[in-house]
Amino acid sequence: MKRQILIFLLLCLGAGGLIFYHQSQKEGSVSSTVLGEYRDKYGFEKERQQVNQEEFQLFNFLHDSVDYQKDVTYKSIPERGYLTLDYAIPKEEGKYPLLLCLHPGAWTAGDKEEMSFYLYTFSCYGYAVATVDYGLVPHVSMIEQTENILDAVQYMVDTFPGKIDKERVIILGASSGAHLGMLATERLTNPELSYREMYDYRLAMVVAAFGPLDFDYFISNNLNNEMLFYIINNMQEVVGDGAYTYEDVMDLLSPGRNLNPYLPRVLVIHGVEDNVIPIAQSRAFYEALLANGTPADMIEVQHGGHYMITKEFAEPIYNYLEEYIK
């Protein structure tokens, strides 16, 4: 019965949810200008009010079964404000796997609202779910974004020790969120870094949906990707303070260069017709995972483009989690 209801909910949101412009970005900034041109070029516009209305209708249908809180502060950054998340946790007694959702937006825009469909639906089917604002470039660097993501997981684990199973944490990222989720996972599991000693939980899986996961693929194939050029041309903003060469930045920020033997299971999912991030790049990253000895699978969504809030993406993710996490 639950599966039937979930499929019904997914069908209700059959229209693709795409990358939305974050209205809080300062107009005229380098980041907003680049993203605006990028968004317009690929036709990422969608009426956000309509999407949110549909999502809330779905949530109201099942809201009695979960505890829901919005705009909860999980981290304060001195002189730069604070970061928030939304969460929904099943009310029924028990410990639940945590699904942490990371929004798209080319690192420079977007917010947690774009992943709220997953919050509303997956929480009704046995997952504690949080959608996270992790900070935006240039206000924070990409390295800081990964640290914020790991801190958000720790906040949820610490805040709900009786409800969240800290041995079953899943990071689900879309587009740039997939890149950051994978990069955060690699930093957490790298024994040469100190992150493993800082956090009291275990990542059981990463779901990387149509993300830029291997910068070397873009470079070696001479792909004209505006967001990669943005990283190269704004290294100080994306990496943070320090003297960095081009190779330094590629080494730090490309998940394809940071594989290690301790990675959890990885699900790579990508639309065959994605005209923003080519599926061949995800295929190459998937092959690299297998060569690394990482337990991994790849799902290719037929007729899928660069979007995520659709039955075609959400249902296989749900089925995969049910097989390997539940």
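The values are calculated or read from the model by the stated rules, or taken from the named source; none is laboratory data. The model shown is predicted, which means the values in this text are computed figures rather than measured ones. When we count neighbours, we look across all protein chains shown, and the Cβ atoms used for this are built from the backbone with ideal geometry, even at glycine. Quick note on the areas: whole protein, heavy atoms, side chains included, nothing else; ligands and nucleic acids left out. Shrake-Rupley method; radii C 1.70, N 1.55, O 1.52, S 1.80 Å.
Here's the yes/no breakdown for (1) at pLDDT below 90; (2) open to solvent by 10 Å² or more (accessible area, probe 1.4 Å):
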site: R257; (1), (2): no, yes
site: P261; (1), (2): no, yes
site: V268; (1), (2): no, no
site: K326; (1), (2): yes, yes
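Is one or more of the residues making up region 110-124 aliphatic (A, V, I, L, M) and in contact with a Gly (Cβ under 9 Å, 6 or more places away or on another chain)? Yes, there is a match, as at least one residue in region 110-124 is aliphatic (A, V, I, L, M) and in contact with a Gly (Cβ under 9 Å, 6 or more places away or on another chain).
Within region 207-222, the set of residues being part of a helix (DSSP H, G or I) and either closer than 12 Å to I279 by Cβ or of a type in the set (A, V, I, L, M, F, W, C) (or both) comprises F215, Y217, F218, I219. Pairing each residue of region 128-146 that is on the phi < 0 side of the Ramachandran plot with any residue that is assigned to a loop (DSSP other than H, G, I, E, B) and of a type outside the set (S, T, N, Q), provided the two are 6+ apart or on different chains, yields C-beta distances under 6 Å for D133/D111; V137/W107; S141/G240; I143/G240; Q145/Y134; Q145/G135.
Is it true that Y244 is of a type outside the set (K, R), assigned to a loop (DSSP other than H, G, I, E, B) and at pLDDT below 80? In short, yes.
For (1) touching a residue at least 24 places away in the same chain (Cβ under 8 Å); (2) touching a strand residue (DSSP E or B) at 6+ places or on another chain (Cβ under 9 Å); (3) under 24 Å from Y262 (Cα atoms), each residue gets a yes or a no:
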| residue | (1), (2), (3) |
| --- | --- |
| T185 | yes, yes, yes |
| L193 | no, no, yes |
| Y201 | yes, yes, yes |
| D214 | yes, no, yes |
| S220 | no, no, no |
| I232 | no, no, no |
| V238 | yes, no, no |
| A243 | no, no, no |
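Applying the criterion of at least 2 residues that are open to solvent by 10 Å² or more (accessible area, probe 1.4 Å) and under 30 Å from D241 (Cβ atoms) to the strands (runs of 3 or more DSSP E) found wholly in region 81-179 leaves 81-90. Which residues, taken from region 280-313, are at pLDDT below 95, buried (at least 21 other Cβ atoms within 10 Å of the Cβ), in contact with a Leu (Cβ under 8 Å, 6 or more places away or on another chain) and not polar (S, T, N, Q)? Within region 280-313, H306, Y307, I309 meet the criteria. Checked against the criterion of being touching a His at 6+ places or on another chain (Cβ under 8 Å) and assigned to a loop (DSSP other than H, G, I, E, B), region 292-310 contains one or more residues that satisfy it.
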